[in-house]
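Student: Encoded as structure tokens, here's the structure I'll be asking about.
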Amino acid sequence: MSIRRLLAVVLALGSIFPLRAQTPSPEAIKSIGARYRDTEGSLGGMLHLTWHLDNPETSTTQSREAWLDANGIARKVSTEEADRHGVTSQVYYLDAAGLYFLLKRAERVPNDPKGSTVVDEERLYFDGGRLIRHLTKTATFKPGENIDTAKAKNTTQPLPKDDGGCAAFSAEAAGVVAALRGSGGVPATSVKPVDPAAAGGGNEIVKPSAAYRLIEGTGSPDGRLALAWAPSKSPRIDWPKFAQDDGTYLAVDSETVVNYLVEPPGGRIITTLAGQHFGDKADYNHFDGTALWSPNSKWVLQLLNRKWETESAHLYCLLPNDKVAGPLDLAATASGLAYAHLKKANHPSVAKFGNTFSITLYDAEWKADGVLGLRVLGQIPKSEEEASGFEIALELAFAVDGNGQIEARQKSIRTSE
């Protein structure tokens, strides 16, 4: 093939399959570095809003911070969660053009005091609303060693075809700022070089609500909402009755358990949920409680699994003005689609056992806004008979109709052998 024809083919293919540049321009990286340094050097003159929760009962802490410039634009936003297992944090850097840098860090602390601490970091660089550079690094530190990753080697990650999470991360940062303003922060119109403590900011220790307890690990990505539980709907609950030796609370065999969507740590109740999670911890013996939030904090699935089957799975959609659509009974929806698929294919499991399987939903993952992938496992517990189990890979798209009800549409379904 001649060089001219080869060039024509390459150009034609390029128009069909556009290539995503994996090497950002030096000018773009330089610009991000300059904006970062400008922000860090100007923080002292900005309004600093902070919120902190220290819960000694569960040995957990949560922190949120935001720095706003004279125009009311959030220039730096940070979140931090800490428990016995380590610390996770995210720091967002923004300006009038939007998010340009995100640092994610996770410190994993070993149970053994003589064990090593592992630190994972991600650095994400954005330009024009797209991810242009993604660096990761991992470092291991011995007990007592300074956990500074400066000497650890960066690994360059391939760039995705989409925006690399820029929109979702921007929404997370905006949600943190909105939550800070709503919990005693100062309006942006009053921003001048102000003493944050005098303006009503500063660290505020907020006590947990007397009406509910937060469920660990259920906070939304934007930090604004979380799932909670209570042994009853009464505002006067005898909490010591449910106290455990490890400082957590648990309602055993309580028929009146209620779950909520709330503003943490002790804010108002947004709505009552259909699930019946019964304690502070996410997981208990043969019980796994999960709150799966979409990256933009718009959708949340409360999934409660027992040893052999899903106890309940309910999906909600957060609408403007704190309205909530749902619940959609995802367990019934997914199992119905799975059985229909198996019957159509004349699968031996359904041909032999019908609809008598214990159904478990697992490996749920948000693929996009309103698009969820998951697996449906059917089993006859403790059975060793042939065809006594099946597994389905399912992808669903959700939307809210004009009546505020969640609709589910099957995007794909297949049997996993």
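To keep it simple, each residue is scored yes or no on (1) in a helix (DSSP H, G or I); (2) at pLDDT 90 or above; (3) among the polar types (S, T, N, Q).
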| site | (1), (2), (3) |
| --- | --- |
| Pro18 | no, no, no |
| Ala21 | no, no, no |
| Arg37 | yes, yes, no |
| Thr50 | no, no, yes |
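Student: Does Gln405 satisfy the criteria of being within 29 Å of Gln276 (Cα to Cα) and surrounded by fewer than 17 Cβ atoms within 10 Å (Cβ to Cβ)?
Tutor: In short, yes.
Student: How many residues does the range 352-384 contain that are over 30 Å from Cys166 (Cα atoms) and surrounded by 12 or more Cβ atoms within 10 Å (Cβ to Cβ)?
Tutor: Residues in the range 352-384 being over 30 Å from Cys166 (Cα atoms) and surrounded by 12 or more Cβ atoms within 10 Å (Cβ to Cβ): 13 in total.
Student: If you check Gly389, Gly373, which single one turns out to be within 17 Å of Leu303 (Cβ to Cβ) and in contact with a strand residue (DSSP E or B) (Cβ under 8 Å, 6 or more places away or on another chain)?
Tutor: Gly373
Student: On the basis of being modelled with pLDDT under 80, surrounded by fewer than 13 Cβ atoms within 10 Å (Cβ to Cβ) and either part of a loop (DSSP other than H, G, I, E, B) or not aromatic (Phe, Trp, Tyr) (or both), does Pro196 make the cut?
Tutor: No.
Student: When the residues of the range 131-158 are narrowed to those that are among the hydrophobic types (A, V, I, L, M, F, W, C) and either touching a helix residue (DSSP H, G or I) at 6+ places or on another chain (Cβ under 7 Å) or touching a residue at least 40 places away in the same chain (Cβ under 8 Å) (or both), which ends up farthest from Ser170 (Cα to Cα)?
Tutor: Ile147
To keep it simple, each residue is scored yes or no on (1) out of contact with any Cys (no Cβ under 6 Å at 6 or more places or on another chain); (2) closer than 15 Å to Thr360 by Cβ; (3) among the charged types (D, E, K, R); (4) not in a loop (DSSP other than H, G, I, E, B).
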site	(1), (2), (3), (4)
Leu301	yes, yes, no, yes
Glu311	yes, yes, yes, yes
Ala325	no, no, no, yes
Ser335	yes, yes, no, yes
His341	yes, no, no, yes
Asn346	yes, no, no, no
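Student: Name the pairs: first residue in the range 23-36 and under 13 Å from Leu124 (Cα atoms), second residue of a type in the set (Lys, Arg), Cβ to Cβ under 7 Å, at least 6 apart or on different chains?
Tutor: Note: pairs meeting the criteria are Pro24/Arg133; Ile29/Arg133.
Student: Continuing with the same structure: Modelled with pLDDT of 90 or more, of a type in the set (Gly, Ala, Ser) and surrounded by fewer than 17 Cβ atoms within 10 Å (Cβ to Cβ) - does that describe any residue in the range 83-92?
Tutor: Taking every residue of the range 83-92 in turn, at least one turns out to be modelled with pLDDT of 90 or more, of a type in the set (Gly, Ala, Ser) and surrounded by fewer than 17 Cβ atoms within 10 Å (Cβ to Cβ).
Student: Quick test of your reading of the structure: Ala387 fulfils all but one of (1) part of a strand (DSSP E or B); (2) surrounded by 14 or more Cβ atoms within 10 Å (Cβ to Cβ); (3) not basic (Lys, Arg). Name the failing condition by number.
Tutor: It is condition (1) that Ala387 fails.
Student: Would you please list the contacts, defined by Cβ atoms under 6 Å and residues six or more apart or on different chains, that run from a residue in the range 104-128 that is within 14 Å of Ala139 (Cα to Cα) and modelled with pLDDT under 85 to a residue that is part of a strand (DSSP E or B) and among the hydroxyl-bearing types (Ser, Thr, Tyr)?
Tutor: Once the first residue is within 14 Å of Ala139 (Cα to Cα) and modelled with pLDDT under 85 and sits in the range 104-128, its partners that are part of a strand (DSSP E or B) and among the hydroxyl-bearing types (Ser, Thr, Tyr) give Val109/Thr117; Ser116/Thr140.
Student: Continuing with the same structure: Can you tell me which residue is farthest from Ile269 (Cα to Cα) among those in the range 321-335 that are exposed (fewer than 15 other Cβ atoms within 10 Å of the Cβ) and modelled with pLDDT of 90 or more?
Tutor: By that ranking, first place goes to Ala332.
Student: Consider Lys382 carefully, then state whether it is over 22 Å from Gly289 (Cα atoms) and not in a helix (DSSP H, G or I).
Tutor: Against the criterion (over 22 Å from Gly289 (Cα atoms) and not in a helix (DSSP H, G or I)), Lys382 qualifies.
Student: Okay, moving on. Within the range 313-354, which residues are free of Cβ contacts under 8 Å to residues at least 60 places away in the same chain and on the phi > 0 side of the Ramachandran plot?
Tutor: Asn321, Asp322, Asn346, Gly354
Student: Being of a type outside the set (D, E, K, R) and either assigned to a loop (DSSP other than H, G, I, E, B) or within 16 Å of Pro24 (Cα to Cα) (or both) is the requirement here; does Gly175 meet it?
Tutor: no
The values are calculated or read from the model by the stated rules, or taken from the named source; none is laboratory data. For clarity, every value in this text was computed on a predicted model and none was experimentally measured. When we count neighbours, we look across all protein chains shown, and the Cβ atoms used for this are built from the backbone with ideal geometry, even at glycine.
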